[in-house]
């Protein structure tokens, strides 16, 4: 969705004040000046500037005919919104009042931050808080009753089912995200990697960048003898599970580390918390390679490899590649599915899906109203924000099923 001219002008004024922040602009590089919204992932200083852009995005997304003022805070790996006034109407607008708290996926964190900021302009009495702590911790928090909803990039595994004590959990799919294979090699762009080579790198079998297996995929590229440092997640992570599922499906028997939300990585791996932590390791370490959601990779200015897909094509992470992968998803009745290793020449092979998880049975009618209002926004006008922040929206065939499922949230 394009910004209207007045909003574009307001954003341009903000951007001119941030001339000092600029990264190299290449196919797999990100320009902070053009996309300050993404700096929300990086620093507290970015919250002030990013918040102004989020406000502009909120106005662009809402079909409001009246002006509104609002305040928000999204420090670090959290998102918080307390609306002070609002107007207009759009999907998700509600007269309910109160606070709901969520936690989980860091892959969906950028979207949560943007959506919370936009949602406050149409539901002024609702406060939404979201903390990016990893999918596994988010699910644990939901099971423990410390949050109203969880963000997760993978379904509840069998090992966690008992934690929910038989209560029905509803899955609301909200986005697709490419998982970029990010790397730090000065002077090397458009690096090509196959699932087998990626598997051997992360298992510690390929140890230097000039290994013959990598060189054969990149003829004419001056690959250094630099040692490879793998950057991986230390927390229970849906990003990890989707990445490992890709390796299991794409590399076959070469991959021996399984596909759970936690993986027993080689002792040489550098483990970090959250997508932001992995990005920091890659960015600060010459010769490093990691895996990140596309939004974080872009915000961090990281190079990303072209990964061979199921059709044999080498594809860069992109919104269009994620959409192509997601369009072919086979959806179960509970709205779980996987977009990893999808068919299609243009499909990006490491495409993750992400859900909001809630209990079908809520303790009171007000919680029902609050959750329905916010999730309705994520499934409605919130979808218009996604492509601007490097995610792909749900196809209407899946989104309509999720909207219909809102009626199952009751007290």
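The values are calculated or read from the model by the stated rules, or taken from the named source; none is laboratory data. This one's a predicted model, so the numbers in the text were calculated from it and none came from an experiment. All Cβ positions, even for glycine, are placed from backbone atoms using ideal geometry, and neighbour counts span all protein chains on display.
Looking at (1) outside any helix (DSSP H, G or I); (2) crowded, with 18+ Cβ neighbours inside 10 Å; (3) over 14 Å from the mean Cα position of the chain (by Cα), which is the one condition that is false for residue 363?
Of the numbered conditions (1) outside any helix (DSSP H, G or I); (2) crowded, with 18+ Cβ neighbours inside 10 Å; (3) over 14 Å from the mean Cα position of the chain (by Cα), the odd one out for residue 363 is (2).
Take residue 90 and tell me if it is touching a helix residue (DSSP H, G or I) at 6+ places or on another chain (Cβ under 7 Å) and either at pLDDT below 95 or part of a helix (DSSP H, G or I) (or both).
Yes: the conditions hold for residue 90.
Which of (1) buried (at least 23 other Cβ atoms within 10 Å of the Cβ); (2) modelled with pLDDT of 95 or more does residue 145 not meet, given it meets every other one?
Evaluating residue 145 over (1) buried (at least 23 other Cβ atoms within 10 Å of the Cβ); (2) modelled with pLDDT of 95 or more leaves (1) as the failure.
So which helices (runs of 4 or more DSSP H) stay within segment 219-332 end to end and still have 1 or more residues that are under 19 Å from the mean Cα position of the chain (by Cα), over 24 Å from residue 137 (Cα atoms) and assigned by TED's automatic domain parsing to the domain that holds residue 189?
In segment 219-332, the matching helices (runs of 4 or more DSSP H) lie at 274-284, 294-299, 319-327.
Residues checked against (1) closer than 20 Å to residue 277 by Cα; (2) without any contact (Cβ under 8 Å) to a residue 24 or more places away in the chain; (3) buried (at least 24 other Cβ atoms within 10 Å of the Cβ):
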residue	(1), (2), (3)
107	yes, no, yes
114	no, no, yes
124	no, no, no
131	yes, no, no
151	yes, no, yes
167	no, no, no
174	no, no, yes
178	yes, no, yes
187	no, no, no
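Take the conditions within 18 Å of residue 135 (Cβ to Cβ), in the same structural domain as residue 250 (by TED's automatic domain parsing) and under 19 Å from the mean Cα position of the chain (by Cα) and apply them to residue 336. Does it pass?
no
For segment 121-199, give me every one of the strands (runs of 3 or more DSSP E) that falls completely inside it and has 1 or more residues that are under 30 Å from residue 301 (Cβ atoms) and outside the structural domain of residue 105 (by TED's automatic domain parsing).
Because the criterion is at least 1 residues that are under 30 Å from residue 301 (Cβ atoms) and outside the structural domain of residue 105 (by TED's automatic domain parsing), the strands (runs of 3 or more DSSP E) in segment 121-199 that meet it are 169-183.
Is it the case that residue 346 is under 26 Å from residue 252 (Cα atoms), in contact (Cβ under 8 Å) with a residue 40 or more places away in the chain and surrounded by fewer than 24 Cβ atoms within 10 Å (Cβ to Cβ)?
Spelling it out, it is not the case that residue 346 is under 26 Å from residue 252 (Cα atoms), in contact (Cβ under 8 Å) with a residue 40 or more places away in the chain and surrounded by fewer than 24 Cβ atoms within 10 Å (Cβ to Cβ).
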